[in-house]
Structure formats: structure tokens, C-alpha cells
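Here the structure is laid out as C-alpha cells; the discussion comes afterwards.
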Amino acid sequence: MSFFKRGSLLLINFLILILLTGCWDANEPERMIYVHGLGVDYKDDRYYVYLQIINPSSLAKSEATGGEANIHVVVGRGDGKTINDAFFDVYRSTSRRIYWGHLAYIIFSENALKKDGAIVGTLGVISRYHETRYNTWIYGTKEPLFDLLKTLPQLEMSIALSRLTDPKATYRQNSLINPITLRELLIKLNEPPHQVQIPYVKLTKKDKWQTDKEPTQVVEIYGAFFVANNNVKDFIINEINGIRWTNKEVTRQEITVNHGLTHVSLLVDQVKVKYKPIIKNGQFIRFQMYVEIISRIREVVKKEPLKKINNKVRKRIENEINETFVRGLDNDFDIFRLSEKLYRRNVRIWKKIEQNGKIPLNEDSLEVNVKVKIIHGERDRNIPITEKLSD
């Protein structure tokens, strides 16, 4: 190769190297602060935001060593006239750039849920960060946000495995209040009846869990907040038990009956729900709800007739659904989203009777029909374990 050709190749390679992009302006992971959880409060005409900061290296160590490493959580607070002002108040006191890509959940205080525009404002700011995702979990609470965000999982497990970060893990074992993501919240607020159910979380009593050193508090699902335009209501679980029997995602739920029976508990594995609007002469009459429960007996003290158990369970479920429906009506909530069901099935009738996305409902607007199927198995029959052993 001639000297001229060799020089030309070297010149071309040099020019290519100049044009290549470098990493001189990249943010190294260990030099950023990672937000894991966000709390939003409103009081005295100001917004307050609480940022739960985590150390990713501690997360990795904890998951690898089965909880032997200590995880330290830091919570920072900022306030301002708007949500964005509150965020920038936190930025003024942070030592490094804050990264939002690992945001796992957002908790709204009761005051923030009741403040007109607080939810929309928060989600508007968060969704405009290209780092955030729409699978962020959403919660409501009445607890002090500092206390809630400083709470760690039992046994010093990874904070990534907490009740707030991974709600589906416990939901598969006890399907009470269905967790909701940012994406689902936006969809439900924008569709009839323009209301949404948000899990209500609180701290357990100090004597409910204890370590070998001292009592400890953890997060529990206490009920649900129902949020609509200018209307927020919190319900504890016992007030809305009927919701669990209308949720197709139920994978494991318990029901106990003892009226006229000895104590009998059943485990519900599956729920099937269908809604049928009854329309006569172009007028909406009511909804027929058909619920099919697949269950198995888990606890029985003495032998009871299966037919009797079945009837008691069926009536119990029907009563819970009706009581929950009426409870919602008393607070101006379409708790089973019947307005959306009619909107999907017959939009012409829906347009004819809707008012601000909701259809007029009363106690006679829902007819509940429940079918209970009890599965038999070696250990699920309707006789006590002592009688099985004596067979």
C-alpha cells in the first residue's frame, strides 16, 4: 500500500472518530438519587410532596442475601403552591440529580384526594417525565405520609418486595381490594361513570406485628377510597365486602357462614360475573347480575349437609352485594360501575338517561343472582378431619 493511500485511510478513520458520540455527559448510576415512592398531601393552601429515596445497591444485596443487608430509606419533603413548585423545593435540597424511572407507587392523602385538581395535577407532572411508567401503583391514606413512607417490609426484605411496591403478591392470597395502576386510574376517570376505586392503606397497630426486639408497624389494606368529581368517600373493608364477589380477578378469598350451622369456612378460587341490562319500551329498567362462585370447604367443625352450606353461602354473598350497592348509592357512587356496563351494551339508551356520565340508580336497579359451586376433594369434604381419620 502506498504512503498516500495509507495516509488517506488514517485521515478518514480520524474523522470518523471525531464524529462518534461519547459518554462525557452521561449520568452514572451511582451518582444519581432514585425515587421509589411518592406521597402527595394538601393542607393550608399548599401542596406537600414526600419522596422516598432508596439505594439500588442495597436492594440488590438484600435480594441476593435473603434480607441480611440493612436497607436504609430516606424520605424528603417539599412544599409549594403547585405540585411542580413542591418538586422544585425538594430539588433545592438534594445533593444529586433525582431519577424518576424507578417510581413504583404514589400515595395520596385524604386531603389531596378531596382537593380539586390534585390528582390530575400530580399525574400530569409525573406523566410528563419521560422516565416514569404507567404501571405505577396508586393508593390513598389518612396516615402521616412521613410515617408511611419510612415503613419497611418484615424481616428487612428488599423494599422492592413491600406491600406498596408489589401488591399483586398478597392479592393472590387474599383478593379483597383490587390494586390499581396509574394507567387504569386515568382510564376509569375518563370513562362513565367517571369515578375510580383506590386502595386505602394504613399502618397496622403496634401490637399486631413484633420482632424479637420490639413491636413494629407494617402497611395493610384497610378499605378503599371512591373518587369522583368533587366527591371522595372512604370505606373500610367491612362496609364494601360485596366488591370482592364482583371482581373477575379474584384468585383466593375466604367466606365464613355460621347462622343455623356450626362454623364453616370456604375458600373461593374463582368468580364469574355477568351483567344483563333489562330494557322495555326503550326504557332502562334494571340490571340483572349473575355471579358464579367456585369454592371449596376449608374448615368445618362437624358434618353439615352440603345443600344447607350452599344455600347459606349463596344468601350471604347476595346480601353482601346488595348491601355494598346500597352503601354506594347512599354516597352517590355507582359502586359496581353499572353506568359503564350500559354504556358498553346500549349507548343509545345510555345517552338518553345519563347525567354527567352516570345513569339514575336506586335500590331496585340491581337484581342479584348467585350460584355457588362447592368442589369436592379428599380434604375438602363436608366432614371434620377427626371423622376422616376414623374412617
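Note on region 86-242: with charges restricted to the Cβ of Lys and Arg (+1) and Asp and Glu (-1), its dipole about the Cα centre is near 280 debye. The distance from the alpha carbon centre of region 219-240 to that of region 248-314 is 23 Å, rounded to a whole number.
Ranking Val73, Pro360, His263 by Cα position along the charge dipole of the chain, where only Lys, Arg, Asp and Glu carry charges on their C-beta atoms, puts Pro360 farthest toward the positive end. For region 339-361 versus region 84-137, the inter-centroid distance based on Cα atoms is 34 Å. Applying a length cut-off of 20 Å (Cα extent along the axis) and a mean Kyte-Doolittle floor of -0.5 to the DSSP H helices of the chain leaves 3-19. The magnitude of the dipole of the chain, with charges of +1 and -1 set on the Cβ of Lys/Arg and Asp/Glu and taken from the Cα centre, is near 1420 debye. Placing a pseudo-label 7 Å from each Cα along the Cα-to-Cβ vector at Ile375 and Arg46 gives an inter-label distance of 5.6 nm.
With 28 Å as the limit on Cα-Cα distance, the pairs of Lys274/Lys303; Lys272/Lys307; Lys303/Lys373; Lys233/Lys371; Lys114/Lys208 that go past it are Lys274/Lys303; Lys233/Lys371; Lys114/Lys208.
The Cβ shell under 10 Å around Lys276 holds other residues with a net charge of +3, Lys and Arg each +1, Asp and Glu each -1.
Since every read-out is calculated from the coordinates, none of them should be taken as a lab result. All figures in this text were calculated on a predicted structure; none of them were measured in a lab. Glycine also receives a Cβ, built like all others from the backbone with ideal geometry; neighbour counts cover every protein chain displayed.
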